[in-house]
Amino acid sequence: MTKSKGIPMFSPNRRTFLQGMGAAGLAGAGLMPRSAQAATSMKFMCWEGYDSPDIIKPFEEANDVSISIDLITDSPGGFAKLAAGAWRDFDVVATDSPWVQRMGPAGIGEFLDDAEFADVYESFYPQFRAPFAPLDFDGKTTGLPTRWGWVGPTVNTKYDTLENWRSYAPCFDPAYKDKICVLDWGDWPIMPMALYAGIDPYKELDDAELNEIRLVLRALFKNTRAIVGDLSVAQKGLMDGSFRTLIGGGTYCTSALRKDGQKEIMSIVPEPKDGLKQGIIWMEAGGIVKDPVDDAKAKALLRDLTSPEVAVKLAWTEATCNLVPSQKAEALFTDEQKDVLQMDYMWEAWDKSHFHNVAPNIDQMLEIWSQELAAAR
Amino acid sequence: MAEIQKTWRDGALRLSTLPLLLLMGLFFVIPLIMTALLSFQGTQYYRLVWTWDLKVWTDVFSQIHYWTIMWRTLMMALVCTVLCTILAIPIAYGMLHRLSRWSDHITLLMVFAFLTDAVLKTFGWVLFLDRSGVLNGTLEAIGFPPAAVNVLFTPNATMIGMVYNLLPYTIFTIALSMARIDGDLVLAARDAGASRLRAFIEVTLPLAKPGIWAGAVLVFVLSLGVFLEPKVMGGGTSPLAAELIRQSFETRVNWPLGAALTLVLIVIGAAALTVFGAVALWQARRVAHD
């Protein structure tokens, strides 16, 4: 399938134009690399880890395809880029699941036929099998889950006990003043605070509920020492004890430290409060961008990313280590890897968590975050 | 020597400005117009919708927190400009007159530090200023209590980062300006009985004014857009305008709002520079009148 509509030769997109020019130039100079001689060129927008040569190279060779990677550093930014028109240049995307789901209503994603991926779903844990609500839009599937984990307090047990963090209450305790680090990762830190305030942020909120979120964020900022976007700064503070906890990060900022042998660092999920679960399950997903250059190969890449063998590689990367939805992959992990990934705790975390989804009032919540931060100091 | 009067009727002159006009038009004026047009649109499902309304501007003018952040940005930029200028004057003077023998070496070291990646330098400051960092470790070793300096993740740390990263701009412009001062003028002042300090204040400083203004303007403009220092060294708890704009574009995927805030920042910067210019002009006229 080609992205060009109508008369293809008169309506090239930027990709085909640049490819044509580049290929002509290189061919003329006799410098065409082997990968550029592949039958198909695909563009893949993804988080770190997905770009690993261990994953990409075997797929390229097996499918006679050349993949160029566009790494994203934040999911909304990646989505904004696609929505602004870059969807014409991309084929496959692997990003946070709410943003894959949003590709549906935005009209920039291809829907998947669950039956076509029945064998993939079969290899997943039952919790991720079709019909999988978090990636559903209007009864249609927008993508396949690829990696996951939970958002909860990240604690260095050398300096604090896990017991203290069975609730988010210490975030507001004066004894913890200037010892809290909040991760500035979009809506990730807002959702747990809303849950602590007794509000389910994933449903439509009224003004009173939004005001409650405002108050809880205001109280959080009073105790917060730093709001950081950079993982290394947060991890450093956690390791030297200057931060007692990281809020809004969870397993995504834990596992690489545990991989390096720092098993005293753990992410947990607080106990339900007043009947409301306090944890959040985050998930990354792979989706196909509207009108891929080769529909079959785009689907093959999704299938590859979710296969047990590749899932293990995806789980165990240089920067972060994460869980994968593939049940069959579990047998391929070593005991050490399972320990690093806190696999013995994963279903307890799951049971105590909401699934991170598209929140109807997210823009208002982000605005409240911005307002309270501006007034904090 | 006859003075050649240049006029816009001169075809050759018009032609010679064409490349610059094209460059400015393509890479400044057109993007600016597009940014302005964008600010009148809306978003739906995180996609741009061509609505042509004033909703975003109504939001910008009705939300006090945008102005709190803009005001904080302006103040931080002004303080940074003043600090950089105050620090750069003695450094530039010292390089040229007191440490002239090592002037080249000092310049080379400064250029090296200046060209080192800002991310690296800023993270270096985190390791230096941290409670368990190099500074506190050294202080503790000589008898100070643990974590004696608790400046990291505060607006003061942001300011340290801003001054550190922007200081070379003022040092180099002021040093260049001072280097062009005729040394005989300073000697004449000393011969007439002026002390070294008085000669500096009454001769060197006024003659170095063009460099001081140029450095101040450069630092001020760059300070308005700082992003890394408040985020990394300031701990993100006192966000400045660049972070607000980033959040609007990226986290909220609200490009019209980001565009409107960008324009607000540009207007604030331009207004501040106009005031700078007016003050400089007034002062120059006053000196000429005296």
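Once the dipole of the protein assembly as shown is set up with Lys and Arg at +1 and Asp and Glu at -1 on Cβ about the Cα centre, which of A:Ser232, B:Thr158, A:Ala359 lies farthest towards its positive end?
Comparing the listed Cα positions along the dipole, B:Thr158 ranks first.
What is the gain in length, in nm to one decimal, between B:Ala280 and B:Val221 on full extension, counting 0.36 nm per residue of separation less the C-alpha to C-alpha distance?
Values: separation 59, 0.36 × 59 = 21.24 nm, distance 1.66 nm.
Extra length available between B:Ala280 and B:Val221 comes to 19.6 nm.
Of B:Leu13, B:Leu74, B:Leu261, which has the largest mean-square fluctuation in a 10 Å C-alpha GNM of chain B?
Sorting by GNM fluctuation, first place goes to B:Leu13.
So what is the relative contact order for region A:244-377, in percent, with contacts set as C-alpha pairs under 8 Å and at least six apart?
Numbers: 110 pairs, mean separation 41.2, N = 134.
Relative CO of region A:244-377 lands at 31 percent.
Please work out the Cα convex hull volume for region B:145-290 and give it in Å³ per residue. Walk me through the numbers before you get to the answer.
Details: hull volume 21.8 nm³, N = 146.
Per-residue hull volume (Cα only) is 149 Å³.
State the volume of the convex hull built on the alpha-carbon positions of chain A, expressed per residue in Å³ and rounded to an integer. Display every interim value, and only then the final one.
Details: hull volume 59.1 nm³, N = 377.
Convex hull of Cα atoms, per residue: 157 Å³.
In a GNM of chain A with a 10 Å cut-off on Cα contacts, which of A:Glu110, A:Glu271, A:Glu61 has the highest mean-square fluctuation?
A:Glu61
Restricted to Cα positions, what overall size does the protein assembly as shown have along the principal axes? Three whole-Å values, descending.
Dimensions of the protein assembly as shown along the principal axes of its Cα atoms: 95, 71, 51 Å.
Mind checking which of B:Gly234, B:Gly225, B:Gly277 has the largest fluctuation in a GNM of chain B, springs on alpha carbons under 10 Å?
B:Gly277
Mind listing which GluC sites (Glu not before Pro) in region A:195-293 are in a DSSP loop and have 11 or fewer other Cβ atoms within 10 Å? Spell out each step's value before the answer.
Numbers: sites: A:Glu204, A:Glu209, A:Glu212, A:Glu264, A:Glu284; in loops: A:Glu204, A:Glu264.
Listed in order of number, the matching sites are A:Glu204.
Between A:Asp339 and A:Ser232, 0.36 nm times their residue separation minus their Cα-Cα distance comes to what?
Details: separation 107, 0.36 × 107 = 38.52 nm, distance 2.19 nm.
Full-extension gain reported as 36.3 nm.
For the pair B:Val111/B:Ala192, report the inter-label distance in nm, with labels modelled 7 Å from Cα in the Cβ direction.
Inter-label distance under the simple model: 3.7 nm.
When only DSSP loop residues count, what chymotrypsin sites (Phe, Trp or Tyr not before Pro) in region B:150-230 have their Cβ near at most 15 other Cβ atoms within 10 Å?
Values: sites: B:Phe153, B:Tyr164, B:Tyr169, B:Phe172, B:Phe200, B:Trp213, B:Phe220, B:Phe227; in loops: B:Phe153, B:Phe227.
Taking region B:150-230 and a limit of 15 other Cβ atoms within 10 Å, the loop chymotrypsin sites (Phe, Trp or Tyr not before Pro) found are B:Phe227.
Counting only trypsin sites (Lys or Arg not before Pro) that are in a DSSP loop and have at most 12 other C-beta atoms within 10 Å, tell me the longest site-free stretch of chain B. It would help to have the intermediate numbers written out before the result.
Numbers: sites that count: B:Lys6, B:Arg9, B:Arg180.
By the stated rule (loop sites, at most 12 other Cβ atoms within 10 Å), B:10-179.
Just to be sure I understand the model, the point goes 7 Å from the Cα along the line to the Cβ. What's the resulting B:Leu15 to B:Ile64 distance in nm?
Distance between the two pseudo-spin positions: 6.1 nm.
Between A:Ser68 and A:Ala39, what length in nm is gained on full extension when 0.36 nm per residue of separation is reduced by their alpha carbon distance? Walk me through the numbers on the way to the answer.
On the way: separation 29, 0.36 × 29 = 10.44 nm, distance 1.38 nm.
Stretched out fully, the A:Ser68 to A:Ala39 stretch lengthens by 9.1 nm.
Counting only C-alpha contacts under 8 Å and six or more residues apart, can you give the relative contact order of region B:56-289 as a whole percent?
Numbers: 250 pairs, mean separation 65.1, N = 234.
Relative contact order for region B:56-289 comes out at 28 percent.
Across peptide B:254-266, what mean number of C-beta atoms from other chains lies inside 10 Å of a residue's C-beta? Intermediate values should be presented prior to the final figure.
Values: counts 5, 3, 0, 2, 1, 0, 0, 0, 0, 0, 0, 0, 0.
Shielding by partners across B:254-266 averages 1.
How crowded by other chains is A:229-240, given as the mean number of beta carbons from other chains within 10 Å of each beta carbon? Kindly include the intermediate steps, with their values, before the conclusion.
Values: counts 6, 7, 0, 3, 10, 0, 0, 6, 7, 0, 1, 4.
Mean inter-chain Cβ contacts per residue within 10 Å come to 4.
Which whole-angstrom value gives the distance between the alpha carbon centres of region B:63-136 and region A:209-286?
Taking the Cα centre of region A:209-286 as reference, the centre of region B:63-136 is 32 Å away.
Which pairs in the list A:Lys177/A:Lys277; A:Lys158/A:Lys277; A:Lys277/A:Lys338; B:Lys209/B:Lys231 are over 30 Å apart, alpha-carbon to alpha-carbon?
On the way: A:Lys177/A:Lys277 25 Å; A:Lys158/A:Lys277 27 Å; A:Lys277/A:Lys338 25 Å; B:Lys209/B:Lys231 33 Å.
The answer is B:Lys209/B:Lys231.
Answer rounded, prolate or oblate for chain B, using the Cα gyration tensor with square roots of eigenvalues a ≥ b ≥ c: rounded when a/c is under 1.5, else prolate when a/b is larger than b/c, else oblate.
Values: a/c = 2.24, a/b = 1.15, b/c = 1.95.
Oblate.
Quick check: pseudo-label points 7 Å beyond the Cα along Cα→Cβ at B:Ser100 and B:Lys121, how many nm apart are they?
The modelled label-to-label distance comes out at 2.8 nm.
In terms of the Cα gyration tensor, with a ≥ b ≥ c the square roots of its eigenvalues, is region B:70-145 rounded because a/c is under 1.5, prolate because a/b exceeds b/c, or oblate? Spell out each step's value before the answer.
Working: a/c = 1.75, a/b = 1.21, b/c = 1.45.
It is oblate, given that a/c is not under 1.5 and a/b is not larger than b/c.
Would you tell me the mean number of C-beta atoms belonging to other protein chains that fall within 10 Å of each C-beta in B:61-71, as a whole number?
Values: counts 0, 0, 4, 3, 8, 3, 1, 4, 5, 1, 1.
Mean shielding by partner chains, rounded to a whole number: 3.
Hey, can you grab everything whose amide H is under 5 Å from the amide H of A:Gly286? Only 5+ residues off in sequence or another chain; H modelled, so Pro and N-termini drop out.
Residues meeting the amide H criterion: A:Leu144, A:Thr146.
Among the trypsin sites (Lys or Arg not before Pro) in region A:259-360, which ones are in a DSSP loop with at most 14 other Cβ atoms within 10 Å of the Cβ? Mind listing them? Write down the numbers at each step before the final one.
On the way: sites: A:Lys259, A:Lys263, A:Lys273, A:Lys277, A:Lys290, A:Lys297, A:Lys299, A:Arg303, A:Lys313, A:Lys328, A:Lys338, A:Lys352; in loops: A:Lys263, A:Lys277, A:Lys290, A:Lys352.
Here the sparse-neighbourhood loop sites are A:Lys263.
Report, in order of residue number, the helices in chain B meeting two criteria: a C-alpha extent of 15 Å or more along the helix axis, and a mean Kyte-Doolittle hydropathy of at least 0.0; treat each whole DSSP H run as one helix. Don't skip to the end; give the middle numbers.
Values: long enough: B:11-24 (19 Å, 1.59); B:64-93 (43 Å, 1.52); B:103-115 (18 Å, 1.63); B:118-129 (16 Å, 1.78); B:155-179 (35 Å, 1.08); B:209-224 (22 Å, 1.68); B:255-289 (50 Å, 1.43).
Correct list, ordered by number: B:11-24, B:64-93, B:103-115, B:118-129, B:155-179, B:209-224, B:255-289.
Any idea what diffusion coefficient region A:221-317 gets from Stokes-Einstein, in µm²/s, Kirkwood Rh on alpha carbon pairs, 10 °C, 1.306 mPa s?
Details: Rh = 16.7 Å.
So the translational diffusion coefficient is about 95 µm²/s.
If contacts are Cα pairs under 8 angstrom and at least 6 residues apart, what is the relative contact order of chain A in percent? If you can, show how the numbers build up before the last one.
Numbers: 685 pairs, mean separation 91.9, N = 377.
Relative contact order for chain A comes out at 24 percent.
Throughout, read-outs are computed from the coordinates displayed, never taken from laboratory work. Small disclaimer: the values here were computed from a predicted structure and weren't measured. As a convention, Cβ positions derive from the backbone with ideal geometry for all residues, glycine included, and neighbour counts pool all protein chains shown.
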